[in-house]
1. What angle do you read, to the nearest 10 degrees and between 0 and 90, between the alpha-carbon axis of helix 39-68 and the longest principal axis of the chain?
2. Residue by residue through segment 145-157, which ³J(HN,Hα) values in whole Hz follow from phi under the Karplus form 6.51 cos²θ - 1.76 cosθ + 1.60 (θ = phi - 60°), with glycine and proline marked x?
3. Give a residue-ordered list of calculated ³J(HN,Hα) values for segment 120-135 (Karplus: 6.51 cos²θ - 1.76 cosθ + 1.60, θ = phi - 60°; whole Hz; x for Gly, Pro).
4. For the Cα atoms of the chain, what angle does the longest principal axis make with the long axis of helix 10-35, in degrees from 0 to 90, nearest 10?
5. So what is the diffusion coefficient of the chain in µm² per second by Stokes-Einstein at 37 °C and 0.692 mPa s, using a Kirkwood Rh over Cα pairs?
6. Mind putting a number on the dipole of segment 10-174 about its Cα centre? Charges go on the C-beta only, +1 for Lys and Arg and -1 for Asp and Glu, and I need it in Debye to the nearest 20.
7. Would you work out the relative contact order for the chain, in percent, from Cα pairs under 8 angstrom that are 6 or more residues apart?
8. Around Val115, which amide H atoms from residues at least 5 apart in sequence, or from another chain, sit under 5 Å from its own amide H, with H modelled in the peptide plane?
Amino acid sequence: MTRSPTQFVLAARVLHWLMAAMIVAMLFIGVGMVASVSERHEWLLRIHKPLGMAILLLAVVRLAVRLRHAPPPLPDDLPAIQKLAALASHWLLYALMLIIPLVGWAMLSAGGYPVMLSESLRLPPIFPTNAIAFAMLRHAHAWLAILLLLTFLAHLGAALYHGLIRRDGVLSSMLWSWRK
Ligand code: HEM
């Protein structure tokens, strides 16, 4: 009989921590961008777009890793409602990691702005130019980012609850164990 894994596979753990840092940076950059009108706005936007596209690309890779490698099971004694909340919030995070960058890309396309990832790398538009759609996508991008922030905070709270209060191995399943 094969034993259930106690840890996420290495690729899943590396992607988890890399993307956590990128997403937290993105949320700060996004808020910093709309709060500044100086040339810092342009500078932040130049970071925001390629970093957002990198998150989109990594989210696709991460989804493939997740579908290929089953995660370690949650503890048997965890109440069913908490298991359901964990599952729902994890899939919501995957959805937001994919949808928010796509909405950002569609928003710029609808506004008729070129989506430049660098001086020379220009992405094709994914939405027809339309001022009303631009305004709606602009709002959607901001509200989805707020939903991402709230889901991330709930996720962080749950991780600390497992790691510091229940001490049930859920947090360490996403960490590195130095002891053999
Ligand atoms: C996970 C990925 C992303 C996150 C978490 C994110 C987050 C944010 C946040 C928090 C804001 C500020 C919203 C507000 O308060 O109005 C923002 C604005 C914006 N984002 Fe993103 N974003 C992401 C990806 C992208 C991508 C891929 C693009 C384009 C290719 C993009 C383009 C923009 C633009 C143009 C703005 C408005 C800037 C302004 O008003 O000056 N975003 N984003």
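1. Helix 39-68 and the main axis of the chain meet at about 40 degrees.
2. After applying 6.51 cos²θ - 1.76 cosθ + 1.60, I find 5, 5, 4, 4, 4, 5, 5, 4, 5, 5, 5, 5, x Hz.
3. Taking θ as phi minus 60°, the curve returns 10, 8, 10, 8, x, x, 10, 8, x, 5, 6, 5, 5, 4, 4, 5 Hz for segment 120-135.
4. That works out to roughly 40 degrees.
5. Rounded to a whole number, D works out at 180 µm²/s.
6. On the way: 12 positive and 6 negative charges, 36 e Å.
Charge dipole, segment 10-174, about its Cα centre: 180 debye, nearest 20.
7. 24 percent
8. Placed amide hydrogens put Leu123 under 5 Å from Val115.
Each value in this text was obtained by applying a stated rule to the coordinates, not by laboratory testing. What you see is a predicted model; the values in this text were computed from it and never measured. Don't worry about glycine lacking a Cβ; one is built from the backbone with ideal geometry, like all the others, and counts go over all protein chains shown.
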